[in-house]
Amino acid sequence: MQSTKDTQDFALAIDIGGTKIAITTINLNGKQLTPVEKHLVPFDSLGVADANKIIELIAPYVGNARHFPGRMAGIGLSCCGNIDAQTGMAVLVSNLHWRYVPIGELLHTAFGLPVFAATDVRTAVLGEVAWGAAKEINNFAWATIGTGYGGYLFLNGRLHDGFHGFAGNFGHMTLDEIHGFPCGCGRKGCFETFVAGPGIARA
């Protein structure tokens with residue numbers, strides 16, 4: 001529980017991965033105020049992540065956070081796919097089988113809070129720049145391996161995420177479209193089918 005002396009702004013931090021959801025509360029200095037709690041991603045009978053059930057899962061955490069001292073600045077959402085950082089639209093999240101799911105807008109409507117949504121790898125890089133191992137480092141490469149694979153370049157003091165903000169989705173570069181394994185994006189032989197968790201387990 002947050003200390004009574006910590007009355008600065010804080011936010012609910014949510015990470016939706018390919019198989020799990022992690023939730024905690026942090027202040028604007030990056031200090032974790034509550035333990036990280038993890039849940040399995042709820043999928044429907046067709047194998048699509050159920051956005052409504054995800055919102056139901058998040059609701060108790062929002063309710064608890066509203067009682068903390070200080071001001072709840074909003075919800076920071078990272079998600080394992082191509083998220084439009086301007087609109088919060090999940091344009092393509094292959095491991096959740098989402099295409100154009102307005103997850104940021106859905107959370108905003110459900111809770112009446114500002115929602116800042118972006119690709120998980122992008123938020124990981126920015127977190128390291130703000131508070132972590134990459135603080136005061138101007139050039140580095142980042143890779144994340146989980147259910148999927150993602151990478152980003154941080155060069156000359158800024159994130160290089162391309163015109164649409166999706167340039168870090170290196171996991172969906174095709175390596176072997178003939179003999180490769182099916183990928184959640186609909187293609188075969190993507191890089192992440194070889195190096196991410198399911199590919200490692202298969203090997």
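Quick notes
- For the stretch 1-158, the relative contact order is 19 percent, taking Cα pairs closer than 8 Å that sit 6 or more residues apart in sequence and dividing their mean separation by the residue count.
- Put the Cα centre of the stretch 62-90 next to the Cα centre of the stretch 148-203 and the gap is 25 Å.
- Within the accessible area of the chain (1.4 Å probe), percent carbon and sulfur: 57 percent
- At R0 = 30 Å, FRET efficiency that the Cβ-Cβ distance of Gln8 and Glu56 yields, to 0.05: 0.55
- Three-way shape call for the stretch 39-112 based on the alpha-carbon gyration tensor, with the a/c threshold at 1.5: oblate
- Pairs of Cα atoms farther than 18 Å apart, the stretch 25-170, %: 61 percent
- Close lysine pairs were tallied over the chain: pairs 8 or more places apart or on different chains with Cα atoms under 26 Å apart number 7.
- For the stretch 95-137, the gyration tensor built on C-alpha atoms gives an oblate shape. Its axis ratio a/c (a ≥ b ≥ c) is at least 1.5, and a/b is not larger than b/c.
- Distance (nanometres) between label positions extended 7 Å along Cα→Cβ at Leu46 and Thr174: 2.5 nm
- Relative contact order of the stretch 1-82, defined on C-alpha pairs under 8 angstrom at six or more residues apart (%): 40 percent
- Database remark: amide H of Asp50 closer than 5 angstrom to the amide H of Phe43, Asp44 (H placed geometrically; neighbours at sequence offset of 5 or more, or on other chains; Pro and chain starts carry no H).
The values are calculated or read from the model by the stated rules, or taken from the named source; none is laboratory data. All of these numbers come straight from a predicted model, not from anything done at the bench. Quick reminder, even Gly has a Cβ in these numbers, built from the backbone with ideal geometry, and neighbours come from all protein chains shown. SASA here: full protein model, heavy atoms, side chains in, ligands and nucleic acids out. Shrake-Rupley method; radii C 1.70, N 1.55, O 1.52, S 1.80 Å.
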